[in-house]
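Step one of this worksheet: look at the structure below.
The values are calculated or read from the model by the stated rules, or taken from the named source; none is laboratory data. Computed from a predicted structure; not experimentally measured. No Cβ is skipped: glycine too gets one built from the backbone with ideal geometry, and neighbour counts run over all protein chains shown. Surface areas here come from the heavy atoms of the whole protein model, side chains and all, with no ligands, DNA or RNA. Shrake-Rupley method; radii C 1.70, N 1.55, O 1.52, S 1.80 Å.
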Amino acid sequence: MLSVSFNKRYLLILIPLALSSFTHLWNATGFPDLFYDEGIYMRRAMNVLEHQMLQENLYYYDHPLFGQIFLAGLLALTNYPDSLNPSISAQSIESLYLVPKIWMGVLAVIDTFLIYKIADYKYGSSRIAFLASILFAVMPMTWLTRRILLESLLLPFLLSSILFALQLQRSHNKRQQQYFAMMLSGTCLGLAIFTKIPVFTMIPLIGFSVYTGSSKEKNQLRNVGLWFIPVVLIPMIWPAESISTGSFDNWVRGVLTQTQRHSDGITTAFAGFLITDPVLLALGILGFGYAILKKDLFVLLWVGPFLVFLWLIGYVQYFHVMPVLPVFCISAALWINDVINKVGPGRRLIQHGIVASIVVFGLASTTLLITTNVTSSQFEAAAFALSLADNDTTIIANPVYSWPYNFVFHVPHAMNDYRDVMYSAIPTDKVVLISDPHFRGSINEAPIVQTYNSTTSVRTFYGNARSYDPDLYPYTSMTLNYQGNDIDVRQKLP
């Protein structure tokens, strides 16, 4: 009987992990498109690998340092990029993205496991844990974790911090185990904040978990205080580094600039959520409402402070919701589980039917997306532009294209970002320009439009995203995957 029970629990975790491996690793470079910010984070990671410089420059500070350090460490494990023997071809440039994309998929599978364990530890129910991890594994919104973003990098540390805090409740009367779990929780959250500052909003959730998980009342505040030390000290490495290089004023200016950026606010994030995955959004909202009725502080402290911060800060993009995707899955699982428990006759058949419906719907929707190819035009354009360049050519492109030129192919005059033309002169008479949708979004800037007008089109690459109807679910996600559409490679000759 014990063996049967053990095998069932093993199967309950194995199924979400297998599904997550498929949805997050299959066709890693084909979907989603190569996103502007991915190029920035790859450039910074390569800067760490090649030059051992933690901070890219001493003038612009936007995010802490651990994201590029962690990504560089993952890449170094594969002797990247030398092990790939890069060449001037679309396939070779695609392989340069394959390695980091595979790592993002591996991290997402780890996230799935951590979500299962968090739900299991917190609610003591393997069914809730199974439902939560299945939702994260198969629902379309989690394709965001396939991108090389800071949110993808910090999520395993955030989830690990929560899990270690919950483990305190299972280590009563074992002081050494409590101390170990508490310090690991603080360290993991410190590293998550050291990756991206907004995750500090998880301090109330995890701090409360540490407080309630401490074994004796007199130890509760002391444990929270000890836990808080790495939470604060690790992110402080960032300003300390700026002080050591005499750039603290730039650090202050950069941080303030980040808080003053403007967008449509939190509605932008949830508009993207609605477009990508209305089912998970609806289930998550129902679950959150259910948590309010149940006064479930675990869910409320995870979601509430983070959303309040996004509302206050103003500048929000759709992928900024990634730190709360796990709790959307957990809260949805709690609500679904209670609905299942209230089912009358034929309960087991209906239970299996509900779970199977969720899995089939989510998996089918996600599979339709991840089997598409919306990046081939980007790889082809990158290779073609490189073939036009020589040592006397300046290549101007967004960071998605420029980091391989700088750190792999060592083009002497490849600009880090097309925006550099606004601050520095083009060093050569011969220019190759990659005009993609992101570039054209900035074409109202005078130096950028002047550079564009000085070149002539050589070849245009058309992406595949337009072959899908963006009004037809799940291809509504294609409205967020337009960067490979109509890439115009242009040239200026002396």
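Determine whether I266 is in contact with a helix residue (DSSP H, G or I) (Cβ under 8 Å, 6 or more places away or on another chain), among the aliphatic types (A, V, I, L, M) and either at pLDDT below 85 or open to solvent by 50 Å² or more (accessible area, probe 1.4 Å) (or both).
Against the criterion (in contact with a helix residue (DSSP H, G or I) (Cβ under 8 Å, 6 or more places away or on another chain), among the aliphatic types (A, V, I, L, M) and either at pLDDT below 85 or open to solvent by 50 Å² or more (accessible area, probe 1.4 Å) (or both)), I266 qualifies.
Restricting attention to region 364-389, report how many residues are in a loop (DSSP other than H, G, I, E, B) and open to solvent by 10 Å² or more (accessible area, probe 1.4 Å).
Qualifying residue count for the region: 3.
In region 283-304, what count of residues is obtained for those that are open to solvent by 50 Å² or more (accessible area, probe 1.4 Å) and in contact with a helix residue (DSSP H, G or I) (Cβ under 9 Å, 6 or more places away or on another chain)?
Here the count works out to 6.
Within region 123-133, is even one residue under 23 Å from P235 (Cβ atoms) and open to solvent by 30 Å² or more (accessible area, probe 1.4 Å)?
no
Consider H438 against the criteria (1) farther than 15 Å from V489 by Cα; (2) in a helix (DSSP H, G or I); (3) open to solvent by 30 Å² or more (accessible area, probe 1.4 Å): it satisfies all of them except one. Which criterion is unmet?
Failed condition: (1).
Mind listing whichever residues of region 305-326 are over 15 Å from L154 (Cβ atoms), part of a helix (DSSP H, G or I) and open to solvent by less than 10 Å² (accessible area, probe 1.4 Å)?
Within region 305-326, L310 is the sole residue that qualifies.
For region 390-402, indicate whether the set of residues that are open to solvent by less than 10 Å² (accessible area, probe 1.4 Å), more than 18 Å from F35 (Cα to Cα) and touching a residue at least 40 places away in the same chain (Cβ under 8 Å) is non-empty.
The answer is no; no qualifying residue exists.
Looking at this structure, is E38 at pLDDT 90 or above, open to solvent by 50 Å² or more (accessible area, probe 1.4 Å) and either under 30 Å from S402 (Cα atoms) or charged (D, E, K, R) (or both)?
Taking the combined requirement at face value, the residue does not satisfy it.
Out of (1) part of a helix (DSSP H, G or I); (2) surrounded by fewer than 16 Cβ atoms within 10 Å (Cβ to Cβ); (3) modelled with pLDDT of 95 or more, what's the single condition that is false for H410?
The number of the failed condition is (1).
Name the residues in region 22-50 that are closer than 13 Å to I102 by Cα and among the aliphatic types (A, V, I, L, M), would you?
L25, A28
For V355, are the conditions met, namely being touching a residue at least 24 places away in the same chain (Cβ under 8 Å) and under 30 Å from I336 (Cβ atoms)?
Answer is yes for this residue.
Among the numbered criteria (1) part of a strand (DSSP E or B); (2) polar (S, T, N, Q); (3) under 21 Å from F379 (Cβ atoms), which single criterion is violated by N416?
Here N416 clears every test but (1).
What are the residues in region 185-206 that are open to solvent by 50 Å² or more (accessible area, probe 1.4 Å) and free of Cβ contacts under 8 Å to residues at least 40 places away in the same chain, if any?
F200
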